[in-house]
Each structure stands twice: as C-alpha cells, then as structure tokens.
Amino acid sequence: MGWTTTHIPDQSGRTALVTGASAGIGFETARVLAAHGAHVVLACRDTERGSSAAERIDGSTEVVPLDLASLTSVRQAAGLVRGRHRRLDLLVNNAGVMFPSYRRTKDGFEAHLGVNHLGHFALTGLLLDLMTSVPGSRVVTVASLAHRVGFGRLDEAAARSSTGRRSMAAYGRSKLANLMFARELQRRLAVAGAATVSVAAHPGLSPTALWHGDPPALARPLAAAGMRWLAQPVEAAALPSLRAAVDPAVHGGAYLGPSERFGGRGAPEPARSSRAARSGAERGRLWTLSEELTGVRYVCEPAVLETPASAAETASAPAVAVCPVTGARA
Ligand SMILES: NC(=O)c1ccc[n+]([C@@H]2O[C@H](COP(=O)([O-])OP(=O)(O)OC[C@H]3O[C@@H](n4cnc5c(N)ncnc54)[C@H](OP(=O)(O)O)[C@@H]3O)[C@@H](O)[C@H]2O)c1
C-alpha cells in the first residue's frame, strides 16, 4: 500500500502556513495537518471563505488575509504572521489560478505567473527567516503536470504580458516557475546550511474549483475527458503535498506526485520533471528576474520590498534569512 495520512507523524507543537486554504487541495492539506496536531495558518484571499474553512477544520487554526495578486497584500500578510509567530515549521505554497477572470495582477504581472509564482516567491522570501533555524522545517511548493506545457521564455515580457489569461502555456509556465523556484531555493538553502529544505509536489488531476475558470474552447472537452479517466478526489490529490511536508524520508529537492495513469492519480511517489525544470542556468535567471520584479531579495540583510510602503508596513518589514553566498544567516 502507498503512503497515506496514516503515515503522518504527530505534528503537535508545529506551525504550518497553507496558502489558498479556503478550498480544494489547500483546504484538505490544512485540514489534515490540523487533525495531526499542527497549528495551521490559513492564508486566504477571501477571509470570509477562510473563516468558513476554519470552522470546518477540527484543530487549531487562524486565518490571515493574503491576496497573492498584490505584493502589498503579500507584504501585509507576512507582517501579520511575523507579528504573531516567532517560528514557522511548514510553508505550503499551494494557492493557484488557472484561466482567471483578470489578465494582470495588481502589480501588472501576467495573472498566472503573478499569483502562482511571483506572489509565492515574495511570500517565501519574507517569511523564510522564521524557518531557517527550525529543525525539520520545509517549504512545499505545489506545481503541476502542466509544467511540461510551459512553452516560451520565462522572461520579463512573459511576466508582464496581457495575453495569457486563457492560455494553457501561460498556466504551464507559472507551474514550471514553481518547480524551478523549489529547486533553486533548495540549492540556496543547502549552500547556506539552513535547517529548512524545499520540496515540490503536484496533485495529479482533481475536479476542484481550479477548473471553473474561463478556458480556451478546446480545453473544456479535453479537461472533461481527462477528468473522467485520470482524476482523483481532493483527499487523494492532497497527499503529495502532505507527504512532501511531513514524511521524514523525503529530502530537499524532491518532487512528489501521484504514481499512476501518467501521474494523474495514485499514491504519492517521486515524480519526473521536464528538462526545462532541471536547467540550473534557467533557474538562476528566473530567480534574478523574480527578485527584480517583486523587490524581495533573498540576502543576509533585512529584505525590503521596493514597492511603495506605508509607514506602518515599513515598521513591520521582515528580514530574509538566507545568504546563498556565504552561508551566513540574518
Ligand atoms: N486540481 C487540479 O487538477 C490541479 C492539477 C495540478 C495542479 N494543481 C495545483 O494545486 C493547487 C491548488 O489548486 P486547487 O485544485 O485546490 O484549486 P482551487 O480549489 O481553485 O483552490 C485554489 C485556492 O487558491 C486560492 N487563490 C486563488 N487566487 C488567489 C490569490 N490571488 N491569493 C490567494 N489565494 C488565491 C483560492 O482562493 P478562493 O477560495 O478565494 O478562490 C483557493 O483557496 C494550485 O497551485 C494548482 O495549480 C491543481
């Protein structure tokens, strides 16, 4: 039998933050972590939906407003978490959009890349020093089988494009970025000698609200056919993220996904990524671009978002922990 929730060790005393915990795979991830004793921060775009999710979870939770389509919101969420918590054991970068109703985020980034990658890049950078000295701490980033169709360059033009709203390639690029980010973060954490590791996961296919967007005409029947044959319930789709977060046998840099039907369903096992996801040079380029676009730098010095900030925000400006060059920590 494959890995299931029965394999999850006791999570008492640990604090986990799950983005997009109001619904779907994020909700299930948060629910299971809380059921195993973790205190779970539900980081949600819509706080009413977040509170309703918290009410349905049996365990210790809190809700933090987080809109990944706004760097200001990301900064405020990080400030709130830092004000309430001195350490973080798990950060699950789960939230995502596909074929959303808007073209660009509030900061002018292409919607998929902005929410799925750049928002999480900034959030992770702004929270990382709560983790880097915590033994067993992990950053889990949720990618997708669709990273393989992330055609085209991950450059500034793509990041600012207004034409990706109904494009599977744009969604795929954002998921490729998730995977490259997870790998590059692991490399940097290892060089820095941090206690934290970075792991990636993908859920296979699951009939969540992710599929309720506005897809191109051909995608709808293809998705419906794929769902019938490949999909698994959300409880199973959350297992790769959960295993990536808590299985002691999983190491930094791993990528987990369902093991059956081309990765669409099945027990969570090591998954294969595309050659593009493994390219060190491309990962480095994406990292630099992401730092430039978000204004969040992963350095020894306190990190500051370079977007205009109010005095109150500046007061709670967090520090970032990892120094990739010297291994020193802030
Ligand atoms: N389902 C699949 O077949 C599948 C396949 C491959 C990968 N994935 C990945 O799995 C992850 C979870 O997706 P899901 O299937 O569970 O989809 P979902 O049911 O639509 O849940 C997505 C979550 O992300 C949140 N979210 C959306 N935009 C946000 C923003 N701007 N800021 C903060 N949160 C935001 C949503 O909040 P609201 O409740 O406010 O909308 C929701 O909680 C995503 O990264 C997705 O790419 C899913």
Quick one: plug the Kirkwood hydrodynamic radius of the chain (C-alpha pairs) into Stokes-Einstein at 4 °C, 1.567 mPa s, and report D in µm²/s. 67
How large, in percent, is the carbon and sulfur part of the accessible surface of the chain at a probe radius of 1.4 Å? 54
Dipole magnitude (debye, nearest 20) for the chain, charges at Cβ of Lys, Arg, Asp, Glu: 760
Over region 1-156, what is the mean sequence separation of C-alpha contacts under 8 Å (at least six apart), divided by residue count, expressed as relative contact order in percent? 21
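If contacts are Cα pairs under 8 angstrom and at least 6 residues apart, what is the relative contact order of region 146-197 in percent?
RCO, region 146-197: 40 percent.
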Ordering 112, 36, 251, 85 by the accessible surface of their heavy atoms, 1.4 Å probe, largest first, yields 251, 36, 85, 112
Could you rank the peptides 184-192, 234-242 by their average count of other C-beta atoms within 10 Å per residue, with the highest value first? 234-242, 184-192
Find which of 245, 162, 79 sits farthest along the positive direction of the dipole of the chain, computed with +1 on the beta-carbon of Lys and Arg, -1 on that of Asp and Glu, about the Cα centre. 162
Give me the one-decimal nm value for the distance between modelled label points at residue 153 and residue 278, 7 Å along each residue's Cα-to-Cβ direction. 2.4
Dipole axis of the chain (+1 Lys, Arg; -1 Asp, Glu on Cβ), positive-most option in 276, 113, 137: 276
Log entry: pair-distance distribution for region 29-163, C-alpha pairs binned every 10 Å from zero, whole % per bin is 12, 39, 34, 14, 1
Heavy-atom accessible area ranking, 1.4 Å probe, most first, across 106, 175: 106, 175
Theoretical gain in end-to-end length, residue 101 to residue 133 [0.36 nm per residue, Cα-Cα removed]: 7.5 nm
The chain, relative contact order [Cα under 8 Å, separation at least 6], %: 18
How far apart, in nm, are the 7 Å Cα→Cβ label points at residue 5 and residue 267? 1.8
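The values are calculated or read from the model by the stated rules, or taken from the named source; none is laboratory data. The model shown is predicted, which means the values in this text are computed figures rather than measured ones. Note that we place each Cβ from the backbone using ideal geometry, even for glycine, and neighbour counts take in every protein chain shown. Just the protein is used for accessible areas: all its heavy atoms, side chains included, with ligands, DNA and RNA removed. Shrake-Rupley method; radii C 1.70, N 1.55, O 1.52, S 1.80 Å.
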